[in-house]
Amino acid sequence: MSIQTAPAGTGLAGQPATTAGTSRPRGVNLLVLPATLLLLLVFVVPAILMLAYSVTEPPAGLHHLHEALTAPLTRTILLRSVTVAAEVTVLSLLLGLPFAMIAAETSAKYRAVLLGAIGCTLFFSVIVRAYAWLALLGTNGPVTDALHALHLGSTTGYAHTRVGTIIAMVQYGVPYMVLAIYDSVRRIDPQLPKAASVNGASAFNTFRWVRLPLMLPGIAAGSIIVFVTTLGYYVIPQVVGSPTDMMIGQLISQQINQATNWGLGAALATLLILVSLACFGIFRMLTRLENRLS
Amino acid sequence: MKRQLLRSTRIAYSVVLILFLVLPSLVVVPLAFSTSQFLQFPPPGYSTGWFREFFNDPDWVGALERSVIVAIFTAVISVPLGFAAAWWLIRAPSRLKRPLETFLLLPMMIPVVVFGFGLYVLTLKLNFQGGLPVVVLSHAVLATPLVVLTLTAALRTFDFRLVNASRICGAGVGRTVTSVVLPIIFPALGAATLIALMTSLDEAVIATFIVGDTTPTLPVAMFNSIT
C-alpha cells in the first residue's frame, strides 16, 4: 500500500480519523453495539452481581470485606500475593529490559527472530507450561539435579514451592514485559543517545539520563500488566505452587467450591477487582500526564 | 575488541533468555512419549502408549471434541464482533470512543477467577444450567479485547478511500466488505482468529466453574488430572 490516509498520530485515543471526502454511512455507529452488548450481559452483569454479593450475603453489610482485610489467614494470603506479584514483576523487568533494548538496536533480521520467538511463546498453553515446570523442577528433575551438582539449591527441587511459582510466572510475564518495553524503545530517536555520547556522556550516563527516562512509559505498562496478571493468577500457582502457600486467586476459588463461603469469596474478588482497576487507572493517568507534558 | 565482546554478550543473553522462554514448554513432547507412569524427565524409555490411551478413552476424546467446538464458536462470535467494534473505534467521530475503548478492554484487566465466579453465581441465581454455550460466551468475552487490539492495529494503516472508491463504483456494503476490506486485512484477521482459538483452547478456570463436573473441556480435564 503506497497510499497513506491515516494522518500521523491518529490512534484510538486521538482525533477521529477523518479523511477529506469520506462519507460515513449512518450504520457505522451500530457497529460497536454487538460487542458492547456481549460484554454487558456476560461480563458486567456477573461482575456487578458478585460485587453486590460481597455486601448482601448474610451477615449483610461490610462484614465480609472486613473479614477479608483483617482475618489472619486472608491477610497473610493477600500480603503474600502482593509480594509474589511484586517479585515476579521485578524479575521480569530485569530480564526483559535488556532483551527489549537488544531487540531494538540489533539488525532487522535478528530483531525479527527475537521478537518472533517472543510472540510464539504467547501462544504456548499455560497449563502445558505449568505441567512442564512441574517435571523440570521436581525432585529428580534436570533443573534440580543441575543446581545440586553446582551445590546450589535444595535437593528436593522446587515443584510445589513458592520459588517454583515465581519461576513459572516469570517465564509467563517476560514476553509481555518485553513487548511493552520494546514498543517504547523503538520510538526513541536514535539521534538522542548518539548526541549524549558525542557530548561526552559515558555509556552509563546515556542510559541513565537519556534512554531510561524515554523507556519509562513502556516499563510502567509492562510492570502493571505483569503485576496485575500475577496477582490474580490461578492456574500456575495451583499447579506449580504449594497448597500451603496459597495465593488470592486460589483462596477465592476455595471459598466458593469447598468452603461455600460466597460472601468472603465475593469480598476477596471485590478487593482484587479494585486493585486491578486502580493499577490500570494509575497507568492511564500517568500516560495522559505524559502526553500533556510532551 | 571491546565492541566484539559487547556484541557477543548481547547475542548470548538474548539466546539464553529465549531458551528459558521456549525450552521448558517443549519438555512435554518427550514426556508424551515416555514409558513411565510418573512425571519423570528425561523419560526412562519411549513409546506411543500414552497416545493410544488418550484416543481409546472416551472421556479424553470427548473433552478434546468439546474443546474444539467451543474454540470454533468462540472465534465465530468474537472475530466478527471484534472486527465491527475495531472498525467503529477507528472510524466513528464520537465522544464515546475513549470510554468505550476502555470498556472493551476491561475483560483483560479482571482476573478470570473473578469473572468465572461471577458467571457461576449468575447461572445459579437464574437457575440456568447453561453448560457449554455459556462457556462459549465467556470465552468470547475474553477473546474480544484481543481481537479488537489486533484489528485496530491493522485498520490504522488501512486506506479508507478504497471503501469510497468501491462504493462509488456501485458495490454494495456487503460486496465492498468481502472483496475490498477483507482481502486487505486478511493477515490481521487470521491472526485475530488464531488468538481467539488459543484463548478458548487454553482456558480452564471459567470452564471449571460452569461445566467442570458434567462436560469438561480438554484444559479442564488436564487441569483436574494434574492437580
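So which residues in the range B:1-15 are surrounded by 15 or more Cβ atoms within 10 Å (Cβ to Cβ) and of a type outside the set (D, E, K, R), if there are any at all? Quick ask: steps written out before the conclusion?
So in the range B:1-15, the residues surrounded by 15 or more Cβ atoms within 10 Å (Cβ to Cβ) come out as B:10, B:14.
Matches in the range B:1-15: B:Ser14 only.
Among the residues of the range A:123-144, at least one is more than 18 Å from B:Val22 (Cβ to Cβ) and not in a loop (DSSP other than H, G, I, E, B).
Please pick out the residue among B:Arg52, B:Arg98 that is of a type in the set (Lys, Arg) and not assigned by TED's automatic domain parsing to the domain that holds B:Phe209.
On the way: B:Arg98 fails: not assigned by TED's automatic domain parsing to the domain that holds B:Phe209.
Of B:Arg52, B:Arg98, the one residue that is of a type in the set (Lys, Arg) and not assigned by TED's automatic domain parsing to the domain that holds B:Phe209 is B:Arg52.
Take the residues in the range A:22-35 that are within 29 Å of the chain's Cα centre (by Cα) and surrounded by fewer than 18 Cβ atoms within 10 Å (Cβ to Cβ), then tell me which one is modelled with the highest pLDDT. Among those residues, the one meeting the criterion is A:Pro34. Take A:Thr287 and tell me if it is in a helix (DSSP H, G or I) and under 14 Å from the mean Cα position of the chain (by Cα). It is false that A:Thr287 is in a helix (DSSP H, G or I) and under 14 Å from the mean Cα position of the chain (by Cα).
Only one of the listed residues (A:Gly164, A:Gly157) is part of a loop (DSSP other than H, G, I, E, B) and buried (at least 16 other Cβ atoms within 10 Å of the Cβ). That residue is A:Gly157. Of all residues in the range B:140-153, none are of a type in the set (Val, Ile, Thr), in contact with a Pro (Cβ under 9 Å, 6 or more places away or on another chain) and surrounded by fewer than 16 Cβ atoms within 10 Å (Cβ to Cβ). The number of residues in the range A:134-149 being surrounded by fewer than 17 Cβ atoms within 10 Å (Cβ to Cβ) and either in contact with a helix residue (DSSP H, G or I) (Cβ under 8 Å, 6 or more places away or on another chain) or touching a residue at least 40 places away in the same chain (Cβ under 8 Å) (or both) comes to 1. Could you identify the single residue in B:Ala207, B:Ala188, B:Ala221, B:Ala192 that is under 18 Å from A:Val128 (Cα atoms), away from every other protein chain (no Cβ under 11 Å), out of contact with any strand residue (DSSP E or B) (no Cβ under 6 Å at 6 or more places or on another chain) and part of a helix (DSSP H, G or I)? Just one listed residue meets the conditions, B:Ala207. Quick check on my filter: what residues within the range B:1-25 are more than 8 Å from chain A (Cβ to nearest Cβ) and either touching a strand residue (DSSP E or B) at 6+ places or on another chain (Cβ under 9 Å) or under 30 Å from B:Phe54 (Cβ atoms) (or both)? Residues satisfying the conditions are B:Leu19, B:Leu23.
Selection within the range B:124-149: residues that are in a helix (DSSP H, G or I) and modelled with pLDDT under 90. The member of this set that is nearest to A:Tyr53 (Cα to Cα) is B:Lys125.
This table checks each residue for (1) exposed (fewer than 15 other Cβ atoms within 10 Å of the Cβ); (2) of a type in the set (A, V, I, L, M); (3) assigned by TED's automatic domain parsing to the domain that holds B:Ala221; (4) free of Cβ contacts under 8 Å to residues at least 40 places away in the same chain.
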| site | (1), (2), (3), (4) |
| --- | --- |
| B:Leu17 | no, yes, no, yes |
| B:Pro24 | no, no, no, yes |
| B:Phe33 | yes, no, no, yes |
| B:Tyr46 | yes, no, no, yes |
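Got a number for residues in the range B:172-197 being free of Cβ contacts under 8 Å to residues at least 40 places away in the same chain and within 17 Å of B:Val141 (Cα to Cα)? Before the answer, list the steps.
The first filter runs over the range B:172-197 and keeps only residues free of Cβ contacts under 8 Å to residues at least 40 places away in the same chain, leaving B:172-188, B:190, B:194.
Checking which are within 17 Å of B:Val141 (Cα to Cα) leaves us with B:194.
Qualifying residue count, the range B:172-197: 1.
Being at pLDDT 90 or above and assigned by TED's automatic domain parsing to the domain that holds B:Asp202 is not true of B:Val121. Considering only the range A:240-251, I want to know if a residue exists there that is more than 10 Å from chain B (Cβ to nearest Cβ), out of contact with any Asp or Glu (no Cβ under 6 Å at 6 or more places or on another chain), surrounded by fewer than 21 Cβ atoms within 10 Å (Cβ to Cβ) and within 21 Å of A:Val55 (Cα to Cα). Within the range A:240-251, none of the residues are more than 10 Å from chain B (Cβ to nearest Cβ), out of contact with any Asp or Glu (no Cβ under 6 Å at 6 or more places or on another chain), surrounded by fewer than 21 Cβ atoms within 10 Å (Cβ to Cβ) and within 21 Å of A:Val55 (Cα to Cα).
The values are calculated or read from the model by the stated rules, or taken from the named source; none is laboratory data. From a predicted model like this one, the values you see are computed outputs, not experimental measurements. As a convention, Cβ positions derive from the backbone with ideal geometry for all residues, glycine included, and neighbour counts pool all protein chains shown.
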